[in-house]
1. For the range 689-704, state whether one or more residues are open to solvent by 20 Å² or more (accessible area, probe 1.4 Å), under 18 Å from residue 610 (Cβ atoms), at pLDDT below 80 and part of a helix (DSSP H, G or I).
2. Determine if the range 66-81 includes at least one residue that is touching a residue at least 40 places away in the same chain (Cβ under 8 Å) and out of contact with any helix residue (DSSP H, G or I) (no Cβ under 7 Å at 6 or more places or on another chain).
3. Going through 483, 467 one at a time, which residue ends up being farther than 16 Å from residue 412 by Cα, surrounded by fewer than 18 Cβ atoms within 10 Å (Cβ to Cβ) and of a type in the set (Asp, Glu)?
4. Before we move on, is residue 560 touching a residue at least 40 places away in the same chain (Cβ under 8 Å), open to solvent by 40 Å² or more (accessible area, probe 1.4 Å) and acidic (Asp, Glu)?
5. Can residue 234 be described as closer than 25 Å to residue 37 by Cα, over 31 Å from the mean Cα position of the chain (by Cα) and either buried (at least 21 other Cβ atoms within 10 Å of the Cβ) or of a type in the set (S, T, N, Q) (or both)?
6. Specify which of the listed residues (166, 193, 180, 136) is farther than 17 Å from residue 226 by Cβ and at pLDDT 90 or above.
7. What's the total number of residues in the range 445-503 that are among the aliphatic types (A, V, I, L, M), within 26 Å of the chain's Cα centre (by Cα) and more than 17 Å from residue 389 (Cβ to Cβ)?
8. Check residue 18 against each of (1) touching a residue at least 40 places away in the same chain (Cβ under 8 Å); (2) surrounded by 17 or more Cβ atoms within 10 Å (Cβ to Cβ); (3) farther than 20 Å from residue 221 by Cβ and name the one condition it does not meet.
Amino acid sequence: MIDLSRLNPPQRAAVACTEGPLLVLAGAGSGKTRVLTYRVAHLMEMGVPAWKILAITFTNKAAREMADRVRQLTGEAGDEAWISTFHACCARILRRDIEKLGYKRQFAIYDADDSMTVIKSVLKAMNLSDKEYPPRAVRAAISDAKNRMLSPKEWLLDAGDDARNRKYSEVYAEYEKALRGNNALDFDDLLIRTLELLSQNPPVLEYYQRRFEYILVDEYQDTNAAQYELVRLLAGTKHNLCVVGDDDQSIYGWRGADIRNILDFEKDFPEAKVVKLEQNYRSTGNILDAANQVIAHNRGRKEKALWTEAGAGERIALYHALDERDEAAFVAQMARKLMGQGERPGEIAVLYRTNAQSRVLEEAFVRGGVPYRVYGGQKFYERKEIKDLICYMRALVNPDDDVSLRRIVNEPRRGIGEATIEQLASYAAQNELPLMSAVLDADAAGLSSRARKLVGEFGELMVDLTDAMYEQRPGEFVRTLIDRTGYVRALEAARTPENESRIENIKELEGAVAEFERLNPEGGLSDFLENVALVSDADAVDEAGGSVTLMTLHSAKGLEFDCVFLPGMEDGVFPLSRALYDDDQLEEERRLAYVGITRAKKRLFLSHARTRMLYNARSANPLSRFVGEIPARLIADSSQRGESRRVPPPSHARTGAAPRAGGRALGIEGVQKGYGGKFVGSQARALGGVALFRNGDRVIHRAFGRGEVVGVEGEGADQKVTVDFGGRTRTFSASIAPIIKVET
């Protein structure tokens with residue numbers, strides 16, 4: 001007997017309402033998976049055979065979790081229910097009846113790399129240039145067309161019938177012919193061919209409509225046009241369809257998800273019943289209050305409000321940083337402090353809007369000795385585009401580095417294939433030379449005339465870059481490197497979202513080199529590479545006790561953590577600049593903020609920077625409107641929000657915790673109270689002025705505590721200050737000194 005008493009009243013209502021269409025609006029942390037699994041078990045207890053139940057979700061992980069929970073409630077009988085992702089469900093249907101579409105039952109499923117191979121061969125057969133018709137851009141256009149259920153001709157009508165689009169349409173058509181000739185489907189085809197099968201073969205459709213008497217769909221707000229149509233077809237006339245989702249968490253519009261599917265459910269099924277799950281079992285009252293207040297500013301949503309029986313909890317911490325390094329140091333030091341208070345590293349997460357933000361955060365975590373992992377993406381210096389450019393630098397600094405040279409000899413693509421590289425490597429080995437020497441002596445390596453020409457051009461490039469490396473400072477040289485290699489131009493030729501992100505990361509690399517040059521005026525390119533090696537060496541961190549998670553907000557959906565940091569809370573960063581002038585995009589950005597806030601169970605930390613270097617450009621953005629939508633009563637020290645009033649930590653600080661004031665990050669007022677001193681010159685610093693120091697001055701540093709100035713060199717912005725912190729001396733530039741002068 002299934003014990004429904006373990007469910008709250010709305011959950012029980014959602015489980016017990018078995019007949020007809022049902023929309024379950026499940027707020028964050030409201031127990032939607034429990035509702036879905038209990039609903040399957042309850043249907044079986046009512047006598048519905050498990051094989052007549054179809055439950056669809058989006059990820060294999062979610063499908064496995066649901067199946068496991070159903071098995072716990074029903075035993076092995078529940079194994080006969082179809083619980084799978086959309087694509088797995090479609091593949092299962094196609095394996096049975098795809099012959100009706102002219103394919104063989106043993107069709108292959110091509111992944112992204114396989115699809116790219118087919119596209120490249122089609123472009124080659126059509127004598128189309130990879131530069132004029134970049135394969136990745138072609139693949140993105142085809143995928144978008146399929147997700148919108150458009151044939152090549154229909155896509156052309158939608159995109160506009162000009163010469164370029166006609167070629168894209170022809171490539172799309174030839175790509176489809178090639179797939180069929182290989183008896184293969186790409187990932188998008190699993191949905192499209194299933195729709196084709198069901199719509200063109202009424203007996204097949206009727207079979208599945210009779211079979212699946214009860215259909216459940218998880219994360220309905222994330223469905224695209226093809227998925228929506230599939231669900232509508234399978235539901236048939238019985239309409240025993242239960243969809244579960246949260247329009248406030250619809251954050252994938254950029255990849256085809258249509259929020260109208262959930263918002264218009266009651267229009268599609270006028271007899272539908274609606275159940276709202278609003279009791280949250282994850283977060284404290286203050287966190288939920290903040291989430292409700294933010295999302296309430298969206299107009300395109302179903303009205304609901306999360307609540308909890310748990311207490312209010314701590315107020316939301318808001319940190320006002322001077323710049324991005326100050327912000328990153330705060331996040332790293334506060335994470336370390338939380339760990340010192342007994343919080344497990346795995347229960348701490350830093351969620352950011354764009355991947356490029358992770359670079360400064362990662363560096364702060366490495367320098368602070370805080371174990372971390374980047375989830376749902378690579379570490380900054382391990383991303384392909386960054387690693388490629390770093391390998392160019394490494395090959396130039398160290399011509400014996402064959403590994404780096406092998407990586408970049410055909411990056412970006414310049415027509416030097418593996419056979420040529422192996423021939424060069426063989427020549428180098430026979431003559432006991434590094435690979436670079438073989439490249440520069442290509443005439444003697446026995447290459448074909450075409451290969452000799454291509455390798456010769458690459459060799460000339462490396463010689464020119466070597467000259468530039470010795471003549472230019474690191475910042476200028478990196479710009480030369482990017483320009484001469486044509487790396488960014490190659491990415492710009494295929495304007496995909498992935499390439500846009502890569503270009504942003506390259507700009508962030510330029511910013512990293514510029515910052516290194518500013519902090520290390522005498523340092524050269526080899527010194528920068530040594531610094532990179534330190535930052536990248538995450539394996540050296542002891543992760544026996546777990547690690548803090550760094551991830552994008554999109555990757556965090558469906559996860560939860562005790563403590564969550566949301567850095568970059570500025571208009572132009574989050575929300576993104578382009579969303580500030582588009583109401584639909586702004587509402588999706590606000591939904592993303594709602595998702596970020598509701599990942600936190602106990603503690604939430606928001607931070608913004610007075611100025612920020614991002615994509616190699618320094619900007620001063622206002623505090624995010626999303627922070628402004630949170631009532632002051634919910635935020636610690638909220639009376640002076642928007643003012644940069646924190647003591648900036650040093651970028652090189654490795655040890656020491658921040659002073660404490662009621663468990664929160666300290667502002668100037670808190671440091672003053674904690675040390676009993678009176679501040680001098682702090683207002684000038686907040687306004688961008690320079691506080692000048694003399695021997696004997698008493699100062700405070702956030703990490704090192706109280707100290708005394710024991711040495712002063714130079715004047716004005718060039719002044720350098722040496723401070724004795726109880727036996728430890730540190731030297732700072734007065735213009736950016738992370739110290740505050742006090743009188744006692």
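1. no
2. no
3. Working: 483 fails: farther than 16 Å from residue 412 by Cα.
Of 483, 467, the one residue that is farther than 16 Å from residue 412 by Cα, surrounded by fewer than 18 Cβ atoms within 10 Å (Cβ to Cβ) and of a type in the set (Asp, Glu) is 467.
4. Values: touching a residue at least 40 places away in the same chain (Cβ under 8 Å): yes; open to solvent by 40 Å² or more (accessible area, probe 1.4 Å): yes; acidic (Asp, Glu): yes.
In short, yes.
5. Working: closer than 25 Å to residue 37 by Cα: yes; over 31 Å from the mean Cα position of the chain (by Cα): yes; either buried (at least 21 other Cβ atoms within 10 Å of the Cβ) or of a type in the set (S, T, N, Q) (or both): yes.
Here the answer is yes, as residue 234 does meet what is asked.
6. Details: 193 fails: farther than 17 Å from residue 226 by Cβ; 180 fails: at pLDDT 90 or above; 136 fails: at pLDDT 90 or above.
Answer to the selection: 166.
7. Total satisfying the criteria: 2.
8. So the condition that residue 18 fails would be (2).
The values are calculated or read from the model by the stated rules, or taken from the named source; none is laboratory data. Not measured: the values here are computed from a predicted model. We place every Cβ from the backbone using ideal geometry, glycine too, and count neighbours over all the protein chains shown. These area figures cover heavy atoms from the full protein model, side chains too; ligands, DNA and RNA do not enter into them. Shrake-Rupley method; radii C 1.70, N 1.55, O 1.52, S 1.80 Å.
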